[in-house]
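Asker: I am attaching a structure below and will ask some questions about it afterwards.
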Amino acid sequence: MDYNNECKNNNYNNNNINNINNNNNNNNNNNNNNNNNNNNNNNNNKNKNKKQNIQIIKQSEIQFYYKTQLNGLFNRVPYCYIKVNSYEDIRECIEYAKSMNKQVSIRNSGHSCCQYSILDDSINIDMSNLNQIITINKENMVAKVQSSLKFKDFYRITTTKEEGYLITSPGGGCGDVAIGGLIIGGGSNYLSPRWGCSIDSVIGMTVMLSNGSIVECNDSNEYSDLFWAMRGSGHGLSILLDVTLQLKPIEPLLYHFSLKLNYNSIHYFENLSIIDKFTQTMDTRIYLAVDCRKSFKLHSSSSTSSSSSPPFLSRLTYFFNGPSNEGEIYFKKLLSLLKSENENGEYKFNEESMGFKKVGRSFYDIINSFQIEPNEKVRSFSKARFCKELNQCNLRSIKNILESMPTTLESMNVPDPKSTFSIMMYYHGGHSKSISKDKCAYVHRDNNWSMVVMASYNEPENDDHFNKWKLIIDDNLSNIGDFIYQNYPDHELTLKLRNTQSLYKNDSNLQHPYFGHHFQKLYSIKLKYDPTDFFSNHPQSIIINEK
């Protein structure tokens with residue numbers, strides 16, 4: 001199939017779909033004849049003088065190209081920015097990068113905490129305009145979507161009764177996450193216990209290789225090895241342009257409830273253990289998550305003393321992917337197991353407040369309710385590990401991390417009243433665990449939970465203080481597990497792994513934290529499709545030619 005012609009002639013005739021971004025309806029109708037004279041791409045002078053459709057914005061010409069999703073801890077300085085409007089524009093970016101002896105970095109929504117979507121001295125390709133749902137086939141329940149489509153837009157079209165589809169697939173838990181970056185790392189949200197990871201719904205991908213060629217890959221064609229690798233290995237093999245998704249029917253309104261947990265209760269960690277045991281036999285339509293946070297930002301608004309410590313705020317999130325009346329029954333069953341300090345020893349809850357008529361919401365509304373507040377000064381980091389269960393050892397490590405969080409503003413180098421610290425425990429069990437770890441490159445299927453520690457603050461003077469806290473986090477996370485979710489990278493460990501890849505290449509018994517036993521197979525695929533290491537500047541990428 002000539003995908004360039006298919007893309008050029010696409011009608012985009014569904015009015016509902018076109019509402020995502022009316023300005024982009026004709027983005028893929030660009031003239032594809034600009035590259036007819038590129039037979040001598042190795043001649044840098046010809047490449048530099050070649051007429052280009054792309055607009056190049058040098059880093060020196062603009063202070064802040066991106067206005068959102070920035071992180072002061074990772075102040076990346078690319079060589080330039082290029083906003084693309086077509087797949088042909090991306091090819092031109094690759095040619096331009098090679099002519100300048102540079103590499104590229106890819107930004108869809110910029111949701112990477114470590115800012116891996118903007119890399120130093122790279123040609124930064126801004127793909128945010130490639131955000132279309134190309135087609136939806138309701139009869140076959142298949143959708144073809146572009147890489148920079150955000151999940152809030154995808155779910156607005158696919159899960160709301162007004163749009164008339166009510167068919168969808170697992171994606172991200174935050175609506176501002178784009179499809180491309182999430183899917184190549186695995187992808188998981190409320191729908192995953194029933195239907196698997198995001199990658200388990202992917203039946204085809206269109207990618208651009210480092211030589212500028214566009215190929216479609218799936219399980220049965222000549223690029224099946226690349227298709228295997230692109231689902232779960234993360235970055236560094238090719239540029240994901242669009243994906244084809246198998247969809248599932250979804251209820252118009254779903255049972256979704258957030259329950260406060262009392263961290264100061266003597267039963268708090270016992271309740272976490274009860275929740276863990278509940279997941280081992282619960283219906284796969286149920287999704288659970290627990291978060292516990294300490295927010296000086298919230299505390300500062302209600303307290304005048306910098307010497308007081310904010311309380312820990314903890315919540316249990318419950319979601320049911322099925323008929324609402326069943327979801328309510330299962331939730332009450334879970335609540336009956338939890339312990340409290342009331343006279344009966346049972347967890348108190350208000351029947352009226354948790355009734356479906358109060359909590360029933362469309363999936364789009366659920367996803368769209370979580371938004372990241374813009375903060376141009378924020379400095380943030382995350383560290384994460386997978387774990388199989390919330391056993392006593394893991395709960396002890398979680399408690400150690402929580403109790404090592406800053407106690408007061410005065411305990412910091414500089415009082416930072418905007419700072420927030422948290423641990424999130426996301427459920428990863430269910431259907432995904434029934435799929436072989438060798439089905440694709442995603443190697444983390446035997447885990448029930450991912451533990452994510454996050455910190456955000458504003459003052460650069462506190463970097464040293466929180467770097468010391470990172471060491472405590474590392475010590476405790478290493479007790480929890482060895483494997484790291486690609487979509488929650490550990491920056492410090494990522495850099496160490498980048499410098500020790502030869503160990504995993506030469507010893508098949510070593511388990512790589514991101515790739516597990518798949519490292520050597522992924523190395524071979526990398527060698528086949530990116531032999532010049534063009535995409536190897538991404539910190540998570542496998543490197544062919546180690547220095």
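Asker: Could you check the spin-label model distance between Ile472 and Ile203? Points 7 Å from the Cα along Cα→Cβ, value in nm.
Answerer: Taking the two extended label points, one gets 5.1 nm.
Asker: Using Cα positions and a limit of under 14 Å, work out the aspartates and glutamates in reach of Lys526, with same-chain residues fewer than 8 apart set aside.
Answerer: Of all the aspartates and glutamates, those that pass the test against Lys526 - Cα under 14 Å, at least 8 places apart if same chain - are Asp225, Glu546.
Asker: List the aspartates and glutamates whose alpha-carbon lies under 13 Å from that of Lys150, not counting same-chain residues fewer than 8 positions away?
Answerer: By straight Cα distance, Lys150 reaches Asp176, Asp242.
Asker: Right, something else. For a test of the definition: using alpha carbon positions, the gyration tensor, and the 1.5 limit on a/c, classify region 143-231 as rounded, prolate or oblate.
Answerer: Judged from the Cα gyration tensor, region 143-231 comes out prolate (a/c at least 1.5, a/b above b/c).
Asker: Got the relative contact order for region 55-212 handy, in percent, Cα pairs under 8 Å and 6 or more residues apart?
Answerer: Normalised by residue count, the contact order of region 55-212 is 17 percent.
Asker: Leaving ligands, DNA and RNA out of it, rank Lys161, Lys418, Lys297 by accessible area with a 1.4 Å probe, largest first.
Answerer: Lys161, Lys418, Lys297
Asker: In addition: Between beta-carbons, use under 9 Å as the cut-off and find the net charge around Leu313, counting Lys and Arg +1, Asp and Glu -1.
Answerer: Charge balance in the 9 Å sphere: +3.
Asker: Per q in 0.11, 0.16, 0.19 Å⁻¹, report the Debye log10 I(q)/I(0) for region 157-308, using one uniform scatterer on each alpha carbon and no solvent.
Answerer: -0.64, -1.00, -1.17
Asker: Cα centroid distance between region 448-477 and region 260-297, in Å?
Answerer: About 21 Å separates the Cα centre of region 448-477 from the one of region 260-297.
Asker: Turning to a different aspect of this structure: Over 31 Å between Cα atoms: which of Lys144/Lys433; Lys102/Lys152; Lys377/Lys399 fall into that group?
Answerer: Table pairs above 31 Å Cα-Cα are Lys102/Lys152.
Asker: Less than 15 Å Cβ to Cβ from Ser404, Lys/Arg counted +1 and Asp/Glu -1: what total charge do the surrounding residues give?
Answerer: Neighbour charge sum, excluding Ser404 itself: +4.
Asker: While we're here: State, to one decimal in nm, how far the label point of Ile62 lies from the label point of Gln392, with both points 7 Å from Cα in the Cβ direction.
Answerer: 5.7 nm
Asker: Under a Cβ-Cβ cut-off of 9 Å, what is the net charge of the residues other than Gly322 that fall near it, where Lys and Arg count +1 and Asp and Glu count -1?
Answerer: Once all neighbours under 9 Å are counted, the net charge is -1.
Asker: Here's another thing I want to ask about it. With every protein chain left in place, what is the accessible area of Tyr426 in Å² (1.4 Å probe, nearest 10)?
Answerer: Answer for Tyr426: close to 60 Å² accessible.
Asker: Here's something else I'd like to know. Which of rounded, prolate or oblate describes region 431-547 when judged by the alpha-carbon gyration tensor and an a/c cut-off of 1.5?
Answerer: It comes out oblate by the Cα gyration axes.
Asker: Using a 1.4 angstrom probe on the protein heavy atoms only, could you order Phe269, Phe319 from most to least accessible area?
Answerer: Phe269, Phe319
Asker: Now for a different question. Quickly rank 185-191, 286-292, 388-394 as a protection proxy: mean count of other C-beta atoms within 10 Å, highest first.
Answerer: Ranked by mean Cβ neighbours within 10 Å, highest first: 185-191, 286-292, 388-394.
Asker: Moving on to the next point. In the full protein assembly as shown, how much of Phe312 is accessible to a 1.4 Å probe, in Å² to the nearest 10?
Answerer: Accessible area of Phe312: about 40 Å².
Asker: Right, another one. As a test of reading the structure, rank Cys113, Cys440 by solvent-accessible area (1.4 Å probe, protein chains only), most first.
Answerer: The ranking, largest first, comes out as Cys113, Cys440.
Asker: Over region 120-174, what is the relative contact order in percent, taking alpha-carbon pairs closer than 8 angstrom and at least six residues apart?
Answerer: Here the relative contact order equals 25 percent.
Asker: Under 19 Å Cα to Cα from Lys58, which aspartates and glutamates show up? Leave out anything in the same chain fewer than 8 places away.
Answerer: Qualifying aspartates and glutamates at Cα under 19 Å: Asp89, Glu92, Glu95, Asp120, Asp121, Asp126.
The values are calculated or read from the model by the stated rules, or taken from the named source; none is laboratory data. In this text, all values refer to a predicted model and were calculated from it rather than measured experimentally. Here the Cβ is made from the backbone with ideal geometry for all residues, glycine too, and neighbour counts use every protein chain on show. When the accessible area is computed, the model is the full protein with side chains, heavy atoms only, and any ligands, DNA or RNA have been set aside. Shrake-Rupley method; radii C 1.70, N 1.55, O 1.52, S 1.80 Å.
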